[in-house]
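Structure first, commentary second.
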2 protein chains.
Amino acid sequence: MSAEGRLMAAEIAEQPEVWRRQLTEGAERIAAAAARIADAAPRFVLFVARGSSDHAALYAKYLVEIVHGLPAGLVSPSTMTVYGARPKLDDVLYVAVSQSGGSPDLVRSVEVARERGALTLAVTNNADSQLAAAAEIHVDVLAGAERSVAATKSYTAELLALYLLFGSRDGRDATHLPDLGDRVLSHDVDGIAGRYRFAQRLITTGRGYSYPTAREAALKLMETCYLSAQAFSGADLLHGPLATVDAQVPVVALVPDGRSGHAMLPVLSRLAERGADVLVVGAGPAGALGHTARIALPAGIPEELSPLLEILPLQKLSLRLAVDRGEDPDNPRGLHKVTKTL
Amino acid sequence: MSAEGRLMAAEIAEQPEVWRRQLTEGAERIAAAAARIADAAPRFVLFVARGSSDHAALYAKYLVEIVHGLPAGLVSPSTMTVYGARPKLDDVLYVAVSQSGGSPDLVRSVEVARERGALTLAVTNNADSQLAAAAEIHVDVLAGAERSVAATKSYTAELLALYLLFGSRDGRDATHLPDLGDRVLSHDVDGIAGRYRFAQRLITTGRGYSYPTAREAALKLMETCYLSAQAFSGADLLHGPLATVDAQVPVVALVPDGRSGHAMLPVLSRLAERGADVLVVGAGPAGALGHTARIALPAGIPEELSPLLEILPLQKLSLRLAVDRGEDPDNPRGLHKVTKTL
């Protein structure tokens, strides 16, 4: 590999080690935060985030809805910062997710939520950030300094922190995750990256817990390769965007071992009818369908944890493809590491 | 215009007449539905929808958050249909939005929501649909039979119904809307469509109430022209996808007269730095910035109503471009009018 992408490559490789840190030295603080939330017994959970962290928040929204049976929503910060809304937030848990903890609109929305009666939680990679200070509870995802503009280790660290907060009673089901992560990262994706060398458009798709993976993979490809990568839930893809698919628009489909993988089978079948070129990623059932390529992943972990493994080969794919195309994924054109929006 | 697109053209042209019908013969039933909701005094509002109706639901979510100050969320139906979640929905208003009222996942999710204690409302264009029957309250958007696969009149009829339910006390501020709609539709967009004749990628962007317009415009361009059209909120665009923008990727920016138009100015400025080709649509301030083309819209209506006018030239643009490219927008490849997802 050329000098470009050195930071991103190192940060991708660090992920299993970050997860080990979270499961050992981070466990106690996360359990304390989870206990405080349980005591408050919120009736509704709102998430606020941008970029990759927004995908981690979407993942957590599925956990809250499915595991806890609580209604949940993703907040548009503009309702508070642009329109000045002051919502009634009693009985609401308000969760901000941000790598840097530095975007003014997120900080402001947490301040407003706290004034308006919500219990506020910040999940960040920066304990000294304004966001951490603004919220009543702070969880540090312990990913260490992230220097590549394209988030990788902070994304999966956010996923794991949110899983430990909202998806698991004791974190024991995540014990094997770091070893599985090492195993997944040991496989190279160079051959598959070569197939997309000249692509300008790409579609990613998944359902349920894997839909955030589709979103995050598309964002990585946009940030590092400048591809027009579009993510759709498997169901939403059939409500319109399917028309854009033909043999010239590659598709990446997340098919985990579990319910959402099974629910992707009718989507794969409709894609096959359209003559699509489909890369299937995951441990799920896809044998019978005519996909073009596959990245198989280890089976036997709870479906809720599969997003942590699924994104790894797609991070590597983005990096490899960017370098092959002569781009510098550590410094995408037009972007800064901390994006400040109002 | 060739024979292709005849249905879509007719349905685009009908919209002001549909709005007049809603504001006269539909007004009483909507007021009754709004009164029933006010009596129930919900504390949280959830929306469930797919495709164009999902964009109408997103618009309504902004109304609920800003005008009513209530927390709100968009539900992923898969949590109930794929994962079997049975959330606690006391004090929740659960709103399903669907042109056909026929998608099994939406019907099932409304049934579950009703069993679990929510007050349920269906907003559809089909009073005889399963969805209308499943919900306690039904509002018919009165758009009349929609035959083109790409939704147009049903979309703006949903917007107006949702505005009358959640955005307005008495609907009086919408009185002039149909006449303004006729005025907007009288302008042709053929010259602007010509600029995109050979584009394969396009980005749409807006904030607040206009973000749903960006989403809906992108979907129309995908369905009818098979463009890779990506919609981003102005803030999200700066968190990563901006890297994909260069002089070769056209941008359509919604800049209404109002707060979200003002909040788009820093976004336009960043786009100008990237050398983007920007079409500005709306009545807002854009004079100072280097946009490439503009579709000006009438000023002086409340910002909340601007999405009804903004989408009109973009529907016409999709239609014109599809026909110019030799496609049949009434029958997009791979799609059916009613999409049934589970």
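The values are calculated or read from the model by the stated rules, or taken from the named source; none is laboratory data. Bear in mind the structure is a predicted one, so any value in this text is a computation, not a measurement. FYI the Cβ positions are ideal-geometry reconstructions off the backbone, even for glycines, and counts take in every protein chain you see. Please note that ligands, DNA and RNA were not included when accessible areas were found on the heavy atoms of the full protein model with its side chains. Shrake-Rupley method; radii C 1.70, N 1.55, O 1.52, S 1.80 Å.
Of the residues making up region B:250-267, those that are open to solvent by less than 30 Å² (accessible area, probe 1.4 Å), free of Cβ contacts under 8 Å to residues at least 60 places away in the same chain and either facing chain A (nearest Cβ under 7 Å) or in a helix (DSSP H, G or I) (or both) are B:S260, B:G261, B:A263. For B:R270, the stated conditions hold: it is within 14 Å of chain A (Cβ to nearest Cβ), of a type outside the set (A, V, I, L, M) and surrounded by fewer than 19 Cβ atoms within 10 Å (Cβ to Cβ). Is it true that some residue in region A:47-54 is modelled with pLDDT of 95 or more, more than 21 Å from A:A132 (Cα to Cα) and among the hydroxyl-bearing types (S, T, Y)? Looking for residues that are modelled with pLDDT of 95 or more, more than 21 Å from A:A132 (Cα to Cα) and among the hydroxyl-bearing types (S, T, Y), one finds none in region A:47-54, hence no. Screening region A:23-78 for residues that are polar (S, T, N, Q) and within 21 Å of the chain's Cα centre (by Cα) and picking the one that is farthest from A:S98 (Cα to Cα) gives A:S76.
Here A:L63 fulfils each of the conditions (1) within 11 Å of chain B (Cβ to nearest Cβ); (2) crowded, with 24+ Cβ neighbours inside 10 Å; (3) touching a helix residue (DSSP H, G or I) at 6+ places or on another chain (Cβ under 9 Å); (4) not small (G, A, S) apart from (2). When B:D39 is tested against the conditions (1) more than 11 Å from chain A (Cβ to nearest Cβ); (2) charged (D, E, K, R); (3) in contact (Cβ under 8 Å) with a residue 12 or more places away in the chain, the lone failure is (3).
Do we have any residue at all in region B:178-189 that's closer than 30 Å to A:K88 by Cα and either open to solvent by less than 60 Å² (accessible area, probe 1.4 Å) or touching a residue at least 60 places away in the same chain (Cβ under 8 Å) (or both)?
No, region B:178-189 has no match at all.
Based on this model, can you work out whether B:E111 counts as open to solvent by 20 Å² or more (accessible area, probe 1.4 Å), out of contact with any helix residue (DSSP H, G or I) (no Cβ under 9 Å at 6 or more places or on another chain) and more than 7 Å from chain A (Cβ to nearest Cβ)? It is false that B:E111 is open to solvent by 20 Å² or more (accessible area, probe 1.4 Å), out of contact with any helix residue (DSSP H, G or I) (no Cβ under 9 Å at 6 or more places or on another chain) and more than 7 Å from chain A (Cβ to nearest Cβ). Just to check your reading of the model, which residue among A:R320, A:R294 is open to solvent by 20 Å² or more (accessible area, probe 1.4 Å), within 26 Å of A:A276 (Cα to Cα) and not in a helix (DSSP H, G or I)? Exactly one of A:R320, A:R294 is open to solvent by 20 Å² or more (accessible area, probe 1.4 Å), within 26 Å of A:A276 (Cα to Cα) and not in a helix (DSSP H, G or I), namely A:R294. The set of residues in region B:24-53 being surrounded by 16 or more Cβ atoms within 10 Å (Cβ to Cβ), out of contact with any Gly (no Cβ under 6 Å at 6 or more places or on another chain) and of a type outside the set (G, A, S) consists of B:R29, B:I30, B:I37, B:P42, B:R43, B:F44, B:V45, B:F47, B:V48, B:R50. Against the numbered list (1) under 26 Å from B:A60 (Cβ atoms); (2) open to solvent by less than 10 Å² (accessible area, probe 1.4 Å); (3) at pLDDT 95 or above, B:L237 comes up short only at (3). Picking from residues in region B:80-102 that are charged (D, E, K, R) and facing chain A (nearest Cβ under 7 Å), the one that is nearest to B:A38 (Cα to Cα) is B:K88. When every residue of region B:69-79 is checked against the conditions, none turns out to be assigned to a helix (DSSP H, G or I) and more than 7 Å from every other protein chain (Cβ to nearest Cβ).
Filtered by the rule that a residue be within 12 Å of chain B (Cβ to nearest Cβ) and open to solvent by 20 Å² or more (accessible area, probe 1.4 Å), region A:323-334 gives A:E327, A:D328, A:N331, A:R333, A:G334.
B:R215 meets each of the listed conditions (1) more than 22 Å from B:A283 (Cβ to Cβ); (2) more than 7 Å from every other protein chain (Cβ to nearest Cβ); (3) open to solvent by 10 Å² or more (accessible area, probe 1.4 Å) apart from (1). Annotation note: of B:V97, B:V82, the sole residue that is closer than 30 Å to A:P77 by Cα, over 19 Å from the mean Cα position of the chain (by Cα) and touching a residue at least 60 places away in the same chain (Cβ under 8 Å) is B:V82. Would you confirm whether any residue within region B:203-211 is in a helix (DSSP H, G or I), at pLDDT 90 or above and open to solvent by 10 Å² or more (accessible area, probe 1.4 Å)? Within region B:203-211, one or more residues are in a helix (DSSP H, G or I), at pLDDT 90 or above and open to solvent by 10 Å² or more (accessible area, probe 1.4 Å). Looking across region A:131-159 at every residue that is of a type outside the set (A, V, I, L, M), open to solvent by 20 Å² or more (accessible area, probe 1.4 Å) and over 22 Å from A:V45 (Cβ atoms), the one that is modelled with the lowest pLDDT is identified as A:R147.
Of the set (1) within 14 Å of another protein chain (Cβ to nearest Cβ); (2) touching a Pro at 6+ places or on another chain (Cβ under 7 Å); (3) crowded, with 23+ Cβ neighbours inside 10 Å; (4) not acidic (D, E), all apply to B:W19 but (1). Would you confirm whether or not region A:218-235 contains a residue that is free of Cβ contacts under 8 Å to residues at least 12 places away in the same chain and within 14 Å of chain B (Cβ to nearest Cβ)? Taking every residue of region A:218-235 in turn, at least one turns out to be free of Cβ contacts under 8 Å to residues at least 12 places away in the same chain and within 14 Å of chain B (Cβ to nearest Cβ).
Scanning region B:296-322 for residues that are modelled with pLDDT of 95 or more, out of contact with any Phe, Trp or Tyr (no Cβ under 9 Å at 6 or more places or on another chain) and within 14 Å of chain A (Cβ to nearest Cβ) yields a single hit, B:S318.
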